[in-house]
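Got a structure here, written out as structure tokens. Questions coming.
The values are calculated or read from the model by the stated rules, or taken from the named source; none is laboratory data. No experiment lies behind these values; they were computed from the predicted model shown. Glycine gets a Cβ as well: all are built from the backbone with ideal geometry, and neighbour counts include every protein chain shown. Accessible surface areas use protein heavy atoms only, side chains included; no ligands, DNA or RNA. Shrake-Rupley method; radii C 1.70, N 1.55, O 1.52, S 1.80 Å.
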2 protein chains.
Amino acid sequence: MLTDRQLMILQVIIDDFIESAKPVGSRALSKKDTLPYSAATIRNEMADLEESGFLEKTHTSSGRVPSEKGYRYYVDHLIGPEIYQHGLGIIERLTNNGIYEFEQIVQTAAEALSKLTNYTSIILGPEMFEATVKQIQVLALSDQSAVAILVTNTGHVEHRSFTLPKGVSSSDLEKLVNILNDRLHGIPLYRIPEVIQNEVASLMMKYMNGLDSSLNWIRTLFTQEQAVKLYFGGKANILMQPEFNDVDRIRSFYSLMEREDEIVNLLKNSNQGIKVSIGHENEVEEIKDLSLITASYHIGGGQMGTIALIGPTRMEYKKVLSLMESISREMTGAMGKWYSDKS
Amino acid sequence: MLTDRQLMILQVIIDDFIESAKPVGSRALSKKDTLPYSAATIRNEMADLEESGFLEKTHTSSGRVPSEKGYRYYVDHLIGPEIYQHGLGIIERLTNNGIYEFEQIVQTAAEALSKLTNYTSIILGPEMFEATVKQIQVLALSDQSAVAILVTNTGHVEHRSFTLPKGVSSSDLEKLVNILNDRLHGIPLYRIPEVIQNEVASLMMKYMNGLDSSLNWIRTLFTQEQAVKLYFGGKANILMQPEFNDVDRIRSFYSLMEREDEIVNLLKNSNQGIKVSIGHENEVEEIKDLSLITASYHIGGGQMGTIALIGPTRMEYKKVLSLMESISREMTGAMGKWYSDKS
DNA sequence: ATTTAGCACTCAAAACATGAGAGTGCTAAC
DNA sequence: GTTAGCACTCTCATGTTTTGAGTGCTAAAT
């Protein structure tokens, strides 16, 4: 339904607008040597493109600006599989000495992503519900306090300090840790409270005394409250975008960024592969004039997190898409290598 | 050198401006019943106060605004020891079940602080150089990978994953961990690299073979790169302040917030007690028109961190100072209770 | 039957003008 | 010493004009 020439013009307009952020007019277009037509001709074509909904005007006598439909078409059909070279090997570089810390890798990846694109990046840490218990340890720090450490099969380490309940001797504690390790080893994190309730409780009754009051306490100790973590990169980048010249716009954006649970939801329901949500395609009010790109990464079998990038709808989709593609592949690759799933 | 009446007027002007953010004029002041003088009288006094440098005009015929000198005087002499009631017991509330996670406490404290004040809070995590090694553990995750865990006497847990160097058997690893625990127990973190170099190296030579190439690797594994962590609260709060109505102002602020090392420096050199830096008293360009309040907290013997609050010079010093006072005391108290220093 | 040149028209943004309002400084009276 | 009064100043909001980029349409050119 669109002629070749219209597609060409659409492409050039979008490319131009993505770069300049200014409405593009017929005169400027006719000067480009990719389009050997006069301004008037281009005007006609633009009028058609507007009628079909791919372009918009900001006011009656302004140049044209891509509509969301225009961007959508651009993303779906007008960008070829172009590979963005920079930024490859980011993660490899981080870990080439064989030593790594998960948090640091993810944080650096987020920063790199935002630096390379000048947009704001968000990485959702991996779901850990399915990770299983590898080992539990309790270490006394003093007479009154101790630290409990839990290591999962994926190499995650959770720890929590606590004051020792009265009347708990060190041998009690040792017994308790033995019971916990015995019963919880290999159990996925989300089942911990349940197992403690059903199995650990009775064993505690049997082999230890006076500890049943502590049961509730132990359950609390090993219950994860917030399962996923967010890593941000370049929160300030978005301020460089001319569409953020309005203080209220900035306010609303940053206020969203502080509501982490909403962000988690926003990123979570991303399925496999890369997903581009342009403007109103987003559910969340505050980013209905932005574009959100999400890509998932995987760790071993099934657990996963999401990499996301937020920027104006006028986003450098070409660059961004290929970059996200390669980073998510790299992350999946790197993680999979280390976190083997044998327990 | 200032008359009582001038002090009164100064105080009222500052209080008023702190609340309204608008230059305050003589007419409005004469209407308050704390000041039973006519506008003209007040005008004269204000002229004097301006001459002595406590007040400023934004332009020739505007109301007066406190100068930095004015704020300084206000903070030093004009606010009594007023106790801010809300927000007491924040930290107690967080830990009343005896279970706590350091990071979470600090983060929550930062958020509470910013919520109660509507400014941006920053908490500098404790210096850990002086904490000593309590225990080191290495846990194999698979044939190729393992996780190393280090617990300090203060209950901090550091962990790092790594791929096992080739030719390292599990018994080698066990020996290594034994050596490390033997030599490093009780050693402060900052001395770890040195001790590994001098003592561990020779022992490794003696009892294990083929591992000397891994020495460097072990040193890297146990070397802390970034010793302090920052916790932010209410980064978006500052946007609500009318002095942040300018996009460039916002940009510069957020760009500073991303340069964490600079922030660490800014907060670090705070000595005991509470310190107020008003406007140009700050060294850092980006906050020369803001006020920075810092207070230190302590953990057991000597290690410490800093609590900070950033807001416009037009800050509610009364409220903020008493709040910072009580929060830093609470943190010191709470931390000290748990992190006893016996190793 | 396209394409193009030309021209009238539109609108946003910048530049300029005007007036009201809040506030000051000064003088003279209280 | 305090206050009323008044001329003066500057900002801010509002209205007006100008400029320039861009369009849509028509008629001529290819």
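List the residues, sorted by chain then number, that are 5 or more residues from A:Lys32 or on another chain and whose placed amide H is less than 5 Å from its amide H.
Placed amide hydrogens put nothing under 5 Å from A:Lys32.
How large is ³J(HN,Hα), in whole Hz, for each residue of the stretch A:27-44 in order, when computed from phi with the Karplus curve 6.51 cos²θ - 1.76 cosθ + 1.60 and θ = phi - 60°, using x for Gly and Pro?
Residue by residue, the stretch A:27-44 yields 4, 4, 5, 5, 6, 5, 7, 6, 10, x, 10, 7, 4, 4, 4, 4, 4, 4 Hz.
Angle, helix B:317-338 long axis vs. longest principal axis of chain B, Cα atoms, 0 to 90°, nearest 10?
Once rounded, the angle reads 20 degrees.
Also, I was wondering about something else. Stokes-Einstein D for the stretch B:133-221 at 10 °C, 1.306 mPa s, Kirkwood Rh over Cα pairs, in µm²/s? Mind showing how you got there, number by number?
Values: Rh = 13.2 Å.
In µm²/s, the coefficient rounds to 120.
When only C-alpha pairs under 8 Å and at least 6 residues apart count, what is the relative contact order of chain B, in percent? Provide the component values of the computation, followed by the final result.
Values: 498 pairs, mean separation 67.1, N = 343.
Relative contact order, chain B: 20 percent.
Still on this structure, I have one more. Averaged over peptide A:227-240, how many Cβ atoms belonging to another chain are found within 10 Å of each residue's Cβ?
Counting other chains' Cβ atoms within 10 Å and averaging over A:227-240 gives 2.
Using a 10 Å cut-off around each Cβ of peptide A:96-108, what is the average number of partner chain Cβ atoms that fall inside? Each step should come with its number before you reach the end.
Values: counts 0, 6, 10, 11, 5, 7, 4, 1, 3, 1, 0, 0, 0.
Mean partner-chain Cβ count within 10 Å for A:96-108: 4.
Accessible area lost on pairing A with B, both sides, 1.4 Å probe, Å² to nearest 100? Walk me through the numbers on the way to the answer.
Details: alone 17480 and 17470 Å², together 30610 Å².
What A and B bury together is about 4300 Å².
Let me ask something else. Return a whole-number percent for the relative contact order of the stretch A:4-78, with Cα pairs under 8 Å and 6 or more residues apart as the contact set. Don't skip to the answer; put the middle values down first.
Working: 82 pairs, mean separation 25.2, N = 75.
Contact order relative to length: 34 percent.
Another question about this same structure. Relative to the longest principal axis of the C-alpha atoms of chain A, give the angle of the C-alpha long axis of helix A:170-184, reported between 0 and 90° and rounded to the nearest 10°.
Helix A:170-184 and the main axis of chain A meet at about 50 degrees.
Another question, then. Report, in debye and to the nearest 20, how large the dipole of the stretch A:121-176 comes out about its Cα centre when Lys and Arg carry +1 and Asp and Glu carry -1 on their Cβ.
Value, rounded to 20: 100 debye.
Can you list the copy-to-copy distances for B:Ser142, using a point 7 angstrom from Cα toward Cβ, in nanometres, shortest first?
Here the equivalent label points are 4.2 nm apart from this one.
If I build a Gaussian network model for chain B, linking alpha-carbon pairs within less than 10 angstrom, which residue out of B:Glu325, B:Glu158, B:Glu286 has the largest mean-square fluctuation?
Ranking B:Glu325, B:Glu158, B:Glu286 by mean-square fluctuation puts B:Glu158 first.
Continuing with the same structure: Hey, rough spin-label estimate for A:Ile79 and A:Ile274, points 7 angstrom out along Cα→Cβ, what's it come to in nanometres?
Placing both labels 7 Å beyond Cα along the Cβ direction yields 0.6 nm.
At a 1.4 Å probe, what is the % contribution of carbon and sulfur to the accessible area of the stretch A:1-101? Don't jump to the answer; show the numbers that get you there.
On the way: 2830 of 5630 Å².
Percent of accessible area from carbon and sulfur atoms in the stretch A:1-101: 50.
Of the candidates B:Gln11, B:Gln197, B:Gln135, which one comes out as most mobile in a Gaussian network treatment of chain B with C-alpha springs shorter than 10 Å?
Of the options given, B:Gln197 has the highest mean-square fluctuation.
Which of the listed residues, B:Leu124, B:Ile187, B:Ile83, is farthest toward the dipole's positive end in chain B, when Lys, Arg count +1 and Asp, Glu count -1 at the beta-carbon?
The residue sitting most towards the positive pole is B:Ile83.
Please find, in a Gaussian network model of chain A (springs between Cα atoms separated by less than 10 Å), the residue of A:Thr306, A:Thr95, A:Thr163 whose mean-square fluctuation is greatest.
Of A:Thr306, A:Thr95, A:Thr163, the most mobile in the Gaussian network model is A:Thr163.
Taking 0.36 nm per intervening residue step and subtracting the Cα-Cα distance, what contour gain separates B:Gln197 from B:Asp261 on full extension? It would help to have the intermediate numbers written out before the result.
Values: separation 64, 0.36 × 64 = 23.04 nm, distance 2.85 nm.
That pair, B:Gln197 and B:Asp261, stretches by 20.2 nm at full extension.
Determine the shielding of peptide A:139-148 by partner chains: average, over its residues, the number of Cβ atoms on other chains within 10 angstrom of each Cβ. Please report the intermediate quantities before stating the final value.
Values: counts 7, 1, 12, 8, 2, 4, 8, 2, 11, 2.
Mean partner-chain Cβ count within 10 Å for A:139-148: 6.
Another question, if that's okay. Report relative contact order for the stretch B:133-221 in percent, whole number only (criteria: Cα-Cα under 8 Å, sequence separation at least 6). Don't skip to the end; give the middle numbers.
Values: 98 pairs, mean separation 21.3, N = 89.
Computed over the stretch B:133-221, the figure is 24 percent.
What are the lysines whose alpha-carbon lies under 24 Å from the alpha-carbon of B:Lys319, with same-chain residues fewer than 8 places away excluded?
B:Lys22, B:Lys32, B:Lys69, B:Lys115, B:Lys235, B:Lys268, B:Lys275, B:Lys288
Shortest first and in nm with one decimal, please list how far the B:Ile79 label point sits from its counterparts in the other copies (point 7 Å along Cα→Cβ).
Reported distances to equivalent positions: 5.0 nm.
Exactly which GluC sites (Glu not before Pro) in the stretch A:50-115 are in a DSSP loop and have at most 16 other Cβ atoms within 10 Å? Mind dumping the intermediate values first?
Values: sites: A:Glu50, A:Glu51, A:Glu56, A:Glu68, A:Glu82, A:Glu92, A:Glu101, A:Glu103, A:Glu111; in loops: A:Glu82, A:Glu101.
The qualifying sites are A:Glu82.
Which of the aspartates and glutamates could a cross-linker span from A:Lys166 if the Cα-Cα distance has to be under 17 Å and same-chain partners fewer than 8 positions apart are dropped?
A:Asp143, A:Glu174, A:Asp212
Could you order peptides B:17-26, A:233-242 by the average number of other Cβ atoms within 10 Å of their residues, highest first?
Put in order of decreasing packing, that is A:233-242, B:17-26.
I would also like to ask the following. Shortest first and in nm with one decimal, please list how far the B:Met8 label point sits from its counterparts in the other copies (point 7 Å along Cα→Cβ).
8.3
Ok, one more. Shape call for chain A from the C-alpha gyration tensor, a ≥ b ≥ c root eigenvalues: rounded (a/c under 1.5), prolate (a/b greater than b/c) or oblate? It would help to have the intermediate numbers written out before the result.
Values: a/c = 3.43, a/b = 2.85, b/c = 1.20.
Taking the square roots of the gyration eigenvalues as a ≥ b ≥ c, chain A is prolate.
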